[in-house]
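Step one of this worksheet: look at the structure below.
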Amino acid sequence: MNASAPSADSLRAALAGLLDGLPPKRAAQAVDRLIANYRGTTPTDAPVLRDRSDVAAYAAYRMPATFEAVRGALGALRDAAPDWEPRTHTDVGGGTGAAAWAVAEAWEERPPRTTVLDWAEPALALGRELAAGALDAEWRTARIGGALRLADADLVTVSYVLKELTEADRAALVTEAARAAQTVVIVEPGTPDGYERIIAARTLLIEAGFTVAAPCPHSGACPIEPGTDWCHFSARVSRSSLHRKVKGGSLPYEDEKYSYVAATRFPPAPAASRITRRPQLRKGLVLLELCGPDGLARDTVTKRHGPLYKQARDAEWGDAWPPEDEG
């Protein structure tokens, strides 16, 4: 269906083609139910996406945001492991395939062979349609939970899935991903509870022998005092006209907040420190909130710092700091 290289633009084009003619009112009703589930606190033991109308609504509502969040996590992973290229990729709970698109874009010169696992066949069917001609992927039905067994893969991604599982199944799934993969990337909503799930997964990965590649500059304990704050980042998401109708908004974009961890079995080169909040621009200076090996800190960069000042003004939330060429 879409012969162009995987990207945010080609994903939107594929979505527009599939969703053309979908009644916005029907899609909006399905989205309302999905939002209620997405914001709920009770893990489910059944697929969230029940039929094609649910899946189409989900694709319009969530795929662009999930793509951008995973893209952000993969970008940080690639910065920490620039010479590593996965040849095989398993996307657990991948639904309509947003993470698969992000992985294919991240390694667009040699995209890995992807296997998307999900327990909702309608989601897999629509994902398969979207990916036709664009992704080298296999779409397989699998029950996502503690009993799942994964084939060995270079990369395993788990995005926006842990919230749907019980605590025991979350731990079992992360442990199984660690057994099967050389690199694991887990993404959750950028909420306090999403961050807690990421921290729990991070701990399990480290216990399994992994090293944190991103976002943390270290594999030690998170310096954030529990209950006082949470680590999360933001991705800008362009919204299609159908997306705006379904979401009931008028802006051409939205900001997706997400938390993540990327960890590897090989030694990565993590950032010296990472910007953990949107940089604050003041007259003649930039305030940066940072997380580094020694914990949380604030750095003030002024015009006296020369070229570093301009780089600080251009820096974004989630970037490594200082820039690599500044050492």
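Each reported figure results from applying straightforward, stated rules to the coordinates on display, with no laboratory input. Note that the coordinates shown come from a computational prediction; the quantities given were computed from them, not determined experimentally. Reconstructed Cβ throughout: ideal geometry from the backbone, glycine too, with neighbour counts over all protein chains shown.
Side notes on the structure shown:
- Across the range 60-69, computed HN-Hα scalar couplings (Karplus, 6.51 cos²θ - 1.76 cosθ + 1.60, θ = phi - 60°) run 5, 7, 10, 4, x, 5, 5, 4, 5, 5 Hz from first to last residue, x flagging Gly and Pro.
- More than 23 angstrom apart: percent of Cα pairs within the range 47-191: 28
- Taking 7 Å steps out from each Cα toward its Cβ at residue 140 and residue 255 produces label points 4.0 nm apart.
- Across all directions, the average flat footprint of the convex hull enclosing the Cα atoms of the range 123-212 is 6.4 nm².
- Each distinct pair of alpha carbons in the range 49-124 adds a 1/r term; the inverse of their mean, the Kirkwood radius, is 13.0 Å.
- Each part reduced to its alpha carbon centroid, the range 198-241 and the range 122-152 end up 25 Å apart.
- Full-extension gain in nm, residue 129 to residue 314, via 0.36 nm per residue minus C-alpha separation: 62.7 nm
- In Hz, Karplus ³J(HN,Hα) per residue of the range 233-238 (6.51, -1.76, 1.60; θ = phi - 60°; x = Gly, Pro): 9, 9, 10, 7, 10, 6
- Remark on residue 273: its backbone amide H falls under 5 Å from those of 321, a criterion applied only to residues 5 or more positions apart or on other chains, H modelled at 1.01 Å from N.
- Modelled this way, with points 7 Å down the Cα-to-C-beta line, the labels at residue 228 and residue 285 are 2.2 nm from one another.
- Distant-in-sequence amide H partners of residue 213 (H built 1.01 Å from N, under 5 Å): 262, 263, 264
- Listed by chain and number, the aspartates and glutamates placed with their C-alpha closer than 13 angstrom to that of residue 310 are 326; residues fewer than eight positions away on the same chain are left out.
- For residue 283, a cut-off of 18 angstrom between C-alpha atoms picks up these aspartates and glutamates, skipping any fewer than 8 places away in its own chain: 299, 314, 316.
- The tail of the calculated P(r) for the range 178-239 beyond 13 Å holds 66 percent of all Cα-Cα pairs.
- One chain, two ends: residue 266 and residue 167. Fully extended at 0.36 nm per residue, the span grows by 32.9 nm beyond their Cα-Cα distance.
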